[in-house]
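The values are calculated or read from the model by the stated rules, or taken from the named source; none is laboratory data. Quantities reported herein were computed from a predicted structural model and do not represent experimental measurements. All Cβ positions, glycine included, derive from the backbone under ideal geometry; neighbour counts span all protein chains shown. Accessible surface is based on the protein model in full, side chains and every heavy atom, while ligands, DNA and RNA are left aside. Shrake-Rupley method; radii C 1.70, N 1.55, O 1.52, S 1.80 Å.
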Amino acid sequence: MRTITALWLRNIRGFVRDRVKLITSIIIPFFFLYIFKSVFKTDQVEDPTAFLLAGIIVATVFQTSLNIATSTIDDTVSGYMKEILVSPTSRFKVALGQILSAATIASTQGILILIIGFFTGLSFDHWYTVIFVLLTLMLVGLVFSGLGLFLASMVKSSSTFQVVQQAIVLPFTFLSGAYIPLAFLPDALRFIAYFNPMTYTTAFFRTIMLEKGGLTQTEWVELGLAFELNGFVVTPWMSGLIITAFGVLFLFLATNSFIRADFNKISRNPLGGE
Amino acid sequence: MNPIIEVNNYTKKYGDFTAVDDVSFEVEEGSIFAFLGPNGAGKSTTINTLCTMMEKTSGTLLIDGRDVSTEKDAVREAIGVVFQSQTLDEKMTVNENLKMHCVFYGVPKHEVKERIDFVLNLVDLQEWQHKRVSSLSGGMKRRVEIARALLHYPKVLFLDEPTTGLDPQTRNRMWEYITRLQKEKNITIFLTTHYMDEAEICDHVAIMDNGKIMVDDTPENLKRLYTKDKAIVSVKNPRVFEEALKKENQTYKKEKDTFYIHIDAVQGFLQFIEQFKDELKDLEIKKGTLNDVFLEITGKEIREETAE
């Protein structure tokens, strides 16, 4: 337990000390909000700002958790991972500490954007929506921190990792409906989007944040909160289950591959170590 | 004396390449043991295996009676490691780095502060406690790493090239800390180094080359066995001097007007040189050094370059 909390605190401290990262990660979402609001005008939803804001929050939480969880790579490159691994502390606890801190930072960031959103006119009809929103953000953070750590313990060098990260972040966010509604996508891309865990994450979170839980299936489908696949409707609640399942899978893969990873093999400089 | 490190028939292969080839040695408790060898000799591989960071191919390696492959956690608790490359958390302060170490090694909470003060005092870094590691100089960072490695009171301290890249003054101080530790705390110190003068201070020296241990003895014995004293002489009349050397059957080398003469016994040589008392321009008698031993055994000059 001490290892987990200590690592958790350390990573959060590290993030807060990195002012540039902190500020840009809050500014950039609003930049996106501004751009997409002017591009994407629709009559389908009564409140496009809230609709977009929900997507942006979920995309931010996703990207941040992936980013922070992969800071494990930085720890390997800087050498600090060696200090951790030569100690008798269990690798499982180290993995948990890394995942939990990434999830915390990511969901906090989502909450910050949400708070700023309240000042720009966002409001909830029911007070308990806030609690559901917070819980969902934490779940999303946890799911993708797991994915992040899994990726981090799979790669062999930090330069390949940059490429892998880009290759994952872009399609995951843009083919999820977070920024651009899936209805706007060509059929082929929409088909791919159905395999993207972020698609279900976005639909689930949006349903919660926009308080659309009580709609009929047709209304959900119209708003892009549910998907009709061959006549079968994936409701937002099923989406919730799907991401939970993905979460369990990612967490299992992450801890498992972290425990087995041979960190000696990751080259510490671009010219290839010793 | 009982051995704290016991290595028997240790072999490490990377594919077809044998990095360490059937090596056996022992390190006595409370001693300073130096591991020398040219780059790529297998020193770091051996250290990494002893530190549980790398799996052996075959053989047995015991630290304090515990097997490094099957009793990893027990071994990890018994050792402190300072790796060749830096392993500090640069974004955190010195104190935070030390605290994290205490967590990883399960140092009881109420002892943490006391132990941090103790190790910082040992390396004279108390005033730097709350500075970020990134603001420290290279020598200070090394001292922090040594201090950190001692927090959990290890029985064996591994130092992989602890003084590489440090200025001579810092190197000296580092050695003061190391010898102080050994004397006061009876910690066994296992180190690799590129500096021969540093190896001289150690109780035991092993020279490794091409994955094998070539010799393993005290510095004094090694020098006695592998080196000869040397006299460097220049005289007013080299020709006469050379003839006298030949007549006495001395082994020597001549460069310009300077003679490099191997001495078997200093007494005998002094009697010989007596005759040329008035002719002498310069005379220097040099004792054999570990560097000579190293050259003799590996055929290579040790150079100050790092693996990275």
Q: Using protein chains only (no ligands, no nucleic acids) and a 1.4 Å probe, work out which residues of segment B:98-112 have their accessible area cut by at least 30 Å² relative to the chain alone.
A: B:100, B:103, B:104, B:105, B:109
(Q) Between residue B:55 and residue A:28, what's the calculated FRET efficiency when r is the beta-carbon distance and R0 is 35 Å? Round to 0.05. (A) 0.20
(Q) If the reach is capped at under 30 angstrom between alpha carbons, list the lysines near residue B:253, excluding any in the same chain fewer than eight residues apart. (A) B:223, B:228, B:230, B:236, B:277, B:281, B:286, B:287, B:300
Q. Across peptide A:76-83, what mean number of C-beta atoms from other chains lies inside 10 Å of a residue's C-beta?
A. 6
(Q) If I take R0 = 22 Å and measure r between the Cβ atoms of residue B:183 and residue B:220 in this structure, what FRET efficiency does the formula 1/(1 + (r/R0)^6) give, to the nearest 0.05? (A) 0.70
Q: Over segment A:1-260, give the accessible area per residue in Å² for a 1.4 Å probe, as an integer.
A: 45
Q) Lys/Arg Cβ at +1, Asp/Glu Cβ at -1, dipole of chain A taken about the Cα centre: which of A:110, A:80, A:61 is farthest positive-ward? A) A:80
(Q) Could you work out what % of the accessible surface of chain B is carbon and sulfur, using a 1.4 angstrom probe and leaving DNA, RNA and ligands out of the count? (A) 44
Q. Modelled label-to-label distance, residue A:160 and residue B:111, 7 Å Cα→beta-carbon offset: nm?
A. 4.2
Q: Only bridges with both residues in segment B:1-158 count here: give the DSSP antiparallel percent, nearest 5.
A: 85
Q: Could you list the residues of segment B:94-111 with an amide nitrogen less than 18 Å from a label point located 7 Å from the Cα of residue B:118 in the Cα-to-C-beta direction?
A: B:95, B:98-111
Q. In terms of solvent-accessible area of protein heavy atoms at a 1.4 angstrom probe, what is the ranking of A:174, A:51, highest value first?
A. A:174, A:51
Q) What order, most packed first, do the peptides B:51-58, A:163-170 have when packing is the mean number of other Cβ atoms within 10 Å of each residue? A) B:51-58, A:163-170
**Q.** Residue-normalised accessible area of segment B:159-308, given per residue in Å² at a 1.4 Å probe
**A.** 58
Q. How much of the accessible area of chain A, in percent, comes from carbon and sulfur atoms when a 1.4 Å probe is used?
A. 68
**Q.** Peptide B:83-89 - average C-beta neighbours from other chains (10 Å radius)
**A.** 6
Q.
With unit charges on the beta carbons (Lys and Arg positive, Asp and Glu negative) and the dipole taken about the Cα centre of segment A:27-163, which residue among A:163, A:153, A:38 sits farthest to the positive side?
A. A:153
**Q.** DSSP-defined antiparallel bridges as percent of all bridges, the protein assembly as shown, nearest 5
**A.** 70
**Q.** Listed residues B:103, B:30, B:295: farthest to the positive end of the dipole of chain B (Cβ charges)
**A.** B:103
Q.
With only alpha-carbon pairs counted, each pair once and no self-pairs, how large is the Kirkwood hydrodynamic radius of segment A:112-271 in angstroms?
A. 17.5
Q: Calculate the length of the line joining the C-alpha centroid of segment B:176-230 to that of segment A:184-220, in whole Å.
A: 69
Q) In square angstrom, what is the accessible area per residue of segment B:6-93 with a 1.4 angstrom probe? A) 36
Q: Treat every Asp and Glu Cβ in the protein assembly as shown as -1 and every Lys and Arg Cβ as +1, leave all other atoms uncharged, and give the resulting dipole magnitude about the Cα centre to the nearest 20 debye.
A: 960
Q. How big, in percent, is the set of alpha carbon pairs in segment B:100-172 lying more than 21 Å apart?
A. 28
Q) What is the gain in length, in nm to one decimal, between residue B:73 and residue B:2 on full extension, counting 0.36 nm per residue of separation less the C-alpha to C-alpha distance? A) 23.3 nm
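Report the percentage of all Cα-Cα pairs in segment B:1-99 whose separation exceeds 24 Å, rounded to a whole percent.
Numbers: 1386 of 4851 pairs.
Every Cα pair in segment B:1-99 considered, those over 24 Å come to 29 percent.
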(Q) Can you divide the C-alpha Rg of the protein assembly as shown by 2.2 N^0.38 Å and report the result to two decimal places? (A) 1.32
Q: Before anything else, pin down the relative contact order of segment A:1-124: Cα pairs under 8 Å, at least 6 apart, normalised by residue count, whole percent.
A: 43
Q | Pairwise burial B:A, computed as accessible area of each alone minus the pair, summed, 1.4 Å, Å² | A | 2700
Q | Mean separation of Cα contacts under 8 Å (6+ apart) over length of segment B:3-217, as relative contact order % | A | 31
Q.
For chain B, report the % of Cα-Cα distances exceeding 26 Å.
A. 54
Q: Would you kindly derive the ³J(HN,Hα) couplings of segment A:112-120 from the backbone phi angles with the Karplus curve 6.51 cos²θ - 1.76 cosθ + 1.60 (θ = phi - 60°), listing them in order in whole Hz, with x for Gly and Pro?
A: 4, 5, 4, 4, 4, x, 4, 6, 9
Q: Just need the relative contact order of chain A here, percent rounded to a whole number, with Cα pairs under 8 Å and 6+ apart.
A: 26
Q | Shielding by partners, peptide B:50-56 (average Cβ within 10 angstrom, other chains) | A | 2
Q. Seen from all sides and averaged, what is the projected area of the convex hull of the Cα atoms in segment B:228-286, in nm²?
A. 3.5
Q: Compare each residue of segment A:85-100 in its chain alone against the assembly with all protein chains, and report those whose accessible area goes down by 20 Å² or more; 1.4 Å probe, heavy atoms.
A: A:85, A:86, A:87, A:88, A:89
**Q.** Equivalent ellipsoid dimensions for chain A as semi-axes, Å, which come from the Cα gyration tensor, largest first
**A.** 34, 19, 18
